[in-house]
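Okay, so here's the structure we're looking at.
The values are calculated or read from the model by the stated rules, or taken from the named source; none is laboratory data. Keep in mind that this is a model prediction, so the values were computed, not measured. Please note: Cβ atoms are built from the backbone with ideal geometry, for glycine as well, and neighbour counts cover all protein chains shown.
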């Protein structure tokens with residue numbers, strides 16, 4: 001019998017080559033927002049369950065609608081990037097079924113340990129965990145069909161390197177869903193304006209420059225967040 005979960009711990013000292021955009025070299029050696037991930041060095045899991053898994057959080061309240069909009073097929077391999085407490089990891093595990101696989105990817109080992117524990121308790125045998133680094137998902141090349149980034153992209157300190165690693169991890173034609181906070185002057189909350197470094201147009205441009213193609217945008221699904229669908233070219 002396969003183990004319920006396995007944590008794959010990767011070294012932090014991974015060398016990266018420069019990324020080339022239209023003939024210019026951009027290696028992104030500096031964090032775009034230093035310190036934003038300090039709270040996740042040793043997060044208290046119960047505190048984040050109380051923050052993440054409550055009805056006042058839009059993506060929790062709309063979790064079933066989000067799951068449906070992702071259009072994940074049974075038997076797929078899904079990567080939940082920035083899995084946190086495992087809310088969507090467990091929903092995806094039900095969706096892909098016994099023939100599928102869900103990889104919970106996070107920078108915090110505390111979260112991954114919690115996901116392993118809850119997977120065992122709820123008898124999920126198709127969930128694995130993977131410890132990522134600040135500049136890489138550490139996923140194997142062409143190992144996943146679908147990637148999901150929910151309220152996490154704005155935490156990427158090295159978005160170009162991270163998204164390039166994700167592009168490599170997707171199979172040709174594989175899809176990516178990105179959900180993040182709308183950041184609009186005069187409309188968004190002070191917390192969003194101070195915490196989220198940029199708006200949709202900036203994040204979308206960064207993702208496209210990494211080689212993704214935009215497929216869709218669900219306009220009416222969410223109010224506080226946007227829902228974008230990308231694909232790795234075939």
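Structure notes:
- With respect to being over 21 Å from residue 112 (Cα atoms) and without any contact (Cβ under 8 Å) to a residue 60 or more places away in the chain, residue 186 fits the description.
- Test for residue 118: is it assigned to a helix (DSSP H, G or I) and surrounded by fewer than 20 Cβ atoms within 10 Å (Cβ to Cβ): yes
- Check on residue 83, at pLDDT 95 or above, over 17 Å from residue 176 (Cα atoms) and surrounded by 19 or more Cβ atoms within 10 Å (Cβ to Cβ): no
- Residue match in the range 69-80 (condition: assigned to a helix (DSSP H, G or I), at pLDDT 95 or above and surrounded by 12 or more Cβ atoms within 10 Å (Cβ to Cβ)): yes
- Every condition in (1) touching a residue at least 24 places away in the same chain (Cβ under 8 Å); (2) over 19 Å from residue 229 (Cα atoms) holds for residue 121 except the one numbered (1).
- Residue count, the range 129-139 (criterion: within 16 Å of residue 84 (Cβ to Cβ) and part of a strand (DSSP E or B)): 3
- Filtered residue count, the range 142-152, keeping only those that are in contact with a helix residue (DSSP H, G or I) (Cβ under 7 Å, 6 or more places away or on another chain) and under 25 Å from residue 32 (Cβ atoms): 5
- Scanning the range 207-220 for residues that are touching a helix residue (DSSP H, G or I) at 6+ places or on another chain (Cβ under 6 Å) and within 14 Å of residue 68 (Cα to Cα) turns up just one, 218.
- Residue 104 vs. criteria in contact with a strand residue (DSSP E or B) (Cβ under 6 Å, 6 or more places away or on another chain), on the phi < 0 side of the Ramachandran plot and either modelled with pLDDT of 95 or more or in a loop (DSSP other than H, G, I, E, B) (or both): yes
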